[in-house]
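Notes follow the structure.
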Amino acid sequence: MKRPLITLLTDFGTQDHYVAAMKGVILGICPNAQIIDITHDIPPFQIGAGAYTLAQAVPTFPQGAVHVAVVDPGVGSARRAIAARAGGHLFIAPDNGLLSLVPGAAHQKTVFEITNSRLFRRPVSKTFHGRDIFAPVAAHLAGGVALTKVGPRLAAWNKGNELTPQPDGSGGWNGRVLSIDRFGNIVTPFHWKDFAAVAQRPSRLRIGSLTVTDFAETFDSMPVGRVALIRGSADFLEVCLRQGSAAEVAGAAFGTAINLAFT
Amino acid sequence: MKRPLITLLTDFGTQDHYVAAMKGVILGICPNAQIIDITHDIPPFQIGAGAYTLAQAVPTFPQGAVHVAVVDPGVGSARRAIAARAGGHLFIAPDNGLLSLVPGAAHQKTVFEITNSRLFRRPVSKTFHGRDIFAPVAAHLAGGVALTKVGPRLAAWNKGNELTPQPDGSGGWNGRVLSIDRFGNIVTPFHWKDFAAVAQRPSRLRIGSLTVTDFAETFDSMPVGRVALIRGSADFLEVCLRQGSAAEVAGAAFGTAINLAFT
Amino acid sequence: MKRPLITLLTDFGTQDHYVAAMKGVILGICPNAQIIDITHDIPPFQIGAGAYTLAQAVPTFPQGAVHVAVVDPGVGSARRAIAARAGGHLFIAPDNGLLSLVPGAAHQKTVFEITNSRLFRRPVSKTFHGRDIFAPVAAHLAGGVALTKVGPRLAAWNKGNELTPQPDGSGGWNGRVLSIDRFGNIVTPFHWKDFAAVAQRPSRLRIGSLTVTDFAETFDSMPVGRVALIRGSADFLEVCLRQGSAAEVAGAAFGTAINLAFT
């Protein structure tokens, strides 16, 4: 018997009771659920970083999984909560762009507003929808409740494409740092498939005071102590320093501007 | 078939092998157990913070769960280990006040001292009772061993109410910070039901050099950059700063004194 | 029905999608797997710390578990990936010494090189073998694939004994810090069974500018504010400070030199 699979991604951290409260609620409704943490260490309120990390993790999971994502600076406001199906996966999130990078989500039509309060934990607090709305709705979906029961279908939702690279007017692209990983590798918003489409390879990347022109095939083939570009495991262009932190060298943080040139 | 549910709360952190060792022992005794982490990031030896976090998480879990809590500065000393039933949940902890805030625990009579060494992992080390006593006893209880088998019933145990607010002699209350969450929200020990009981609303809170008189209904309705009081998701009064850290502004830490006045 | 048990130990941290990607791949191949995190907070590239932590956790788990360990500065290079059986447990790791401290591993003969690409996730990236090789191979083994199917048996593998204490020429031993735990306790590489073998007890430990001559039986019997030696829960000699950080007092870090003398 296959167990329903629910993943969680939040900016709640792991120090408080918040994540455990979501899991307790889920197991009360769907005792058989397998709950997997994607991460709870998204920097507080950074919707872009959450969107990137969710999009990287989701395709590795088997279809049918229910993914709950909560990075939600607007909790308690009028922002909508949504449930969606994309690429064989189900998603529960605030409607703030958090699902914008999920493969297939941009063209998704099966998006519903979550309004059916019979699926909620009562009473619904004004500050903790993760526990009172997102977790119980996910558990009901994992347990077999139909997606159409959560509320009305939406014609439009927040595709939050502020992270999409833009042409710089000189044949190159401008973008912003999507993520900096534990090793200090800088993930850029430039995806390998874009280079393939234009049959081009970038020649120069600028970030902060740093200009990078070297490409490497593997971490191991990089000279120690010298920043280089690499095709990351997520197929985005990354700026790396072998056994060191490229982010530290570049002075880069989430959101730092990047320019990519071709010649 | 419902799987036995065991939660873990410790101050062990997640860097070392300590938490995994507890899980290994549990799965060796009760292979079918579902193990959920509440948190392992309680500040070292902070029994009060552990008690608060445990009390917030527990009511979200289904009844029948076994909760193991280990914040244990007295490990290896004469402090007792206890097992208790409260509110349909089972608890395993050192007898140092860690269970004092669990709903219903204060009036609990079914508390037992853990002395039955046949339920332990052998040999019992002097420094790691989490692995050698708390984890295996929890696994045996989750697997069906009766609570009465762990050892003798206790007439008295440590209800550790040093965190309970006290009257300040001027119609207000004194207390200390229960917790500071990842977002810098300050959790006070003043519970909403106490205000309801006296049909009063507090008018002013003092913490460090800060005096707060504003109330907000939601995070979203708070002016950015201005500290306000809010009814937290745990029904305790919280001091919050929208999209910022109230704890930083107030210079507050776990245990900082707070005064609450009514007019 | 017993569920296949897979543990994970990495230096990936928990902020990124890396660990979740490994779990997603595992659950796609072996939906029934129980996945337990040992830790993901091994300091980046510190193979010795990973080896120590893995060795401490493994013996607490039931036999038959599959342990995946990834601390892998050589990812993408010619370093081999190995699968091994030791003490009733299965192991998947890069061949860089990460398995060197596992009980029984040093004398192990059933070690195989992982070369069978039919067990991999395709395409195999050059930078993320955790997701593309280690996780899927572990899931296949947990699901019943025979160890001999992963690739050819190896006559020799990396037993990485650079952490083994060496005689200092004066009747004592030299070694280096194996680990520093969350509480600042310093784990030395000197194992209690070595003292038993020589019917001796050490009399003096030197680390940095610190000389320690006091022994304590329990944390509780240590005077507050004074560093002492203790038999740790892992049976290694540890340097501890009651309710304080011995590592801070000694200025010790992972790898700091230690000398142990007998009289």
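The values are calculated or read from the model by the stated rules, or taken from the named source; none is laboratory data. Not measured: the values here are computed from a predicted model. Quick reminder, even Gly has a Cβ in these numbers, built from the backbone with ideal geometry, and neighbours come from all protein chains shown. Please note that ligands, DNA and RNA were not included when accessible areas were found on the heavy atoms of the full protein model with its side chains. Shrake-Rupley method; radii C 1.70, N 1.55, O 1.52, S 1.80 Å.
If you go through segment C:163-203 one residue at a time, how many are of a type in the set (S, T, N, Q) and at pLDDT 85 or above? I'd like the intermediate steps shown before the answer.
At the first step, the residues of segment C:163-203 found to be of a type in the set (S, T, N, Q) are C:164, C:166, C:170, C:174, C:179, C:185, C:188, C:200, C:203.
With at pLDDT 85 or above added as a condition, the list becomes C:166, C:170, C:174, C:179, C:185, C:188.
Result for segment C:163-203: 6.
For first residues located in segment C:230-257 and more than 8 Å from chain B (Cβ to nearest Cβ), partners that are in a strand (DSSP E or B) and of a type in the set (Asp, Glu) and lie 6+ apart or on another chain with Cβ distances below 9 Å form the pairs C:Ala246/C:Glu238. The numbered conditions (1) of a type outside the set (Val, Ile, Thr); (2) within 24 Å of C:Gly64 (Cβ to Cβ); (3) away from chain C (no Cβ under 12 Å); (4) touching a strand residue (DSSP E or B) at 6+ places or on another chain (Cβ under 6 Å) are all true for B:His67 except (2). Taken over segment C:18-31, residues that are open to solvent by 30 Å² or more (accessible area, probe 1.4 Å) and hydroxyl-bearing (Ser, Thr, Tyr) amount to 0. Listed by first and then second residue, the pairs linking a residue in segment B:45-69 that is closer than 7 Å to B:Leu9 by Cβ to a residue that is in a helix (DSSP H, G or I) and modelled with pLDDT under 95, with Cβ atoms under 8 Å apart and 6 or more places separating them unless they lie on different chains, are B:Ala69/B:Gly50.
For every residue, the table says whether it meets (1) among the aliphatic types (A, V, I, L, M); (2) within 12 Å of chain C (Cβ to nearest Cβ); (3) surrounded by 24 or more Cβ atoms within 10 Å (Cβ to Cβ).
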position	(1), (2), (3)
A:Asp16	no, no, yes
A:Ala33	yes, no, no
A:Ile38	yes, yes, yes
A:Ala49	yes, yes, yes
A:Tyr52	no, yes, yes
A:Gln63	no, yes, no
A:Val71	yes, no, yes
A:Gly76	no, no, no
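In segment A:1-14, the residue that is surrounded by the fewest Cβ atoms within 10 Å (Cβ to Cβ) out of those that are within 7 Å of another protein chain (Cβ to nearest Cβ) and hydrophobic (A, V, I, L, M, F, W, C) is A:Leu5. There is at least one residue in segment A:219-241 that is modelled with pLDDT under 85, closer than 28 Å to C:Arg121 by Cβ and in contact with an Asp or Glu (Cβ under 7 Å, 6 or more places away or on another chain). Restricting attention to segment A:110-140, the residues that are of a type outside the set (S, T, N, Q) and in contact with a Ser or Thr (Cβ under 6 Å, 6 or more places away or on another chain) add up to 3. Every listed requirement among (1) at pLDDT 95 or above; (2) more than 20 Å from C:Gly255 (Cα to Cα) is met by C:Ser77 save one, (1). The residue that is surrounded by the fewest Cβ atoms within 10 Å (Cβ to Cβ), among those in segment A:120-157 that are of a type in the set (D, E, K, R) and under 30 Å from A:His17 (Cα atoms), is A:Arg122. When the criteria are applied in full, C:Ser117 meets the requirement of being closer than 30 Å to A:Leu229 by Cβ and open to solvent by 30 Å² or more (accessible area, probe 1.4 Å).
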